[in-house]
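In what follows, a single structure is set out as structure tokens and then discussed.
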Amino acid sequence: MVEQANSGATAETKQCSMCQQQIEVAKFRLHEVACIRMNYKCTKCGEIVPKAEREQHEDDVHSDKPLLSCELCNEFSTKDGQALASHKKD
Ligand SMILES: [Zn+2]
Ligand SMILES: [Zn+2]
Ligand SMILES: [Zn+2]
């Protein structure tokens, strides 16, 4: 059995449940599998974050830690006390 390809028709697309992009149906399954494997949808803000950056995102955007600003230059702010300390040393 060979399915007839709809040549000439605009490629049908489906919306990826992960990244919300319109993906060609022919590539959809591959895309979605890769997309879900690579990305993480933040439960707090709904943003799509690469899994590798998940902790960074949680830390930057959703941590309860107060934002610390450098009182020396007023240009540097972080939630990471160690980063601030090493920044001030520079
Ligand atoms: Zn996707
Ligand atoms: Zn988030
Ligand atoms: Zn500074």
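Some notes on this structure:
- Label-point separation, residue 74 to residue 61 (7 Å along Cα→Cβ), nm: 2.9 nm
- Label-to-label distance, residue 32 versus residue 51, with points set 7 angstrom from Cα along the beta-carbon direction: 1.8 nm.
- Multiplying the residue separation of residue 10 and residue 88 by 0.36 nm and removing their Cα-Cα distance gives an extension gain of 22.4 nm.
- Loop-located trypsin sites (Lys or Arg not before Pro) in region 17-73 (DSSP state not H, G, I, E or B) with no more than 15 neighbouring Cβ atoms inside 10 Å: 44.
- Sequence-distant aspartates and glutamates (8 or more away, or on other chains) whose Cα lies within less than 17 Å of residue 44: 53, 55, 58, 59, 60, 64
- Selection of chymotrypsin sites (Phe, Trp or Tyr not before Pro), the chain, meeting DSSP coil and at most 16 other Cβ within 10 Å: 76
- Put simply, the chain fits an ellipsoid with semi-axes of 45, 12, 11 Å; these come from the alpha carbon gyration tensor as the roots of five times its eigenvalues, largest first.
No lab work stands behind these numbers, since they all come straight from the coordinates. These numbers were taken from a predicted model, which means no experiment stands behind them. In this analysis, Cβ positions are derived from the backbone assuming ideal geometry, glycine residues included, and neighbour counts consider all displayed protein chains.
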